[in-house]
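A short write-up of the structure that comes next.
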């Protein structure tokens, strides 16, 4: 989990990225980041852009085409470095 303090906002929907990975990269995320939560995918391997490596999944269409992914670490697709665009 991240060292930085995440905002807790009880009563607000929980941040899906935080629940999945234990991190949230948004500077001012509007969602709840519950304390003492174990990430669903704590051992998730990331590529050099911080995107998830999921070798048994389909390659992310956005990453494959543009080298970017708007879903970030919460994306369910693979982001193998060899599949990203070399723009």
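Are any of the residues in the range 39-46 more than 13 Å from the chain's Cα centre (by Cα) and either at pLDDT below 75 or assigned to a loop (DSSP other than H, G, I, E, B) (or both)?
No - not one qualifying residue is present in the range 39-46.
Mind counting the residues in the range 50-59 that are at pLDDT 85 or above and either in contact with a helix residue (DSSP H, G or I) (Cβ under 8 Å, 6 or more places away or on another chain) or part of a helix (DSSP H, G or I) (or both)?
Final tally of qualifying residues: 3.
The values are calculated or read from the model by the stated rules, or taken from the named source; none is laboratory data. For clarity, every value in this text was computed on a predicted model and none was experimentally measured. Note that each Cβ is placed from the backbone with ideal geometry, even for glycine, and that neighbours are counted across all protein chains shown.
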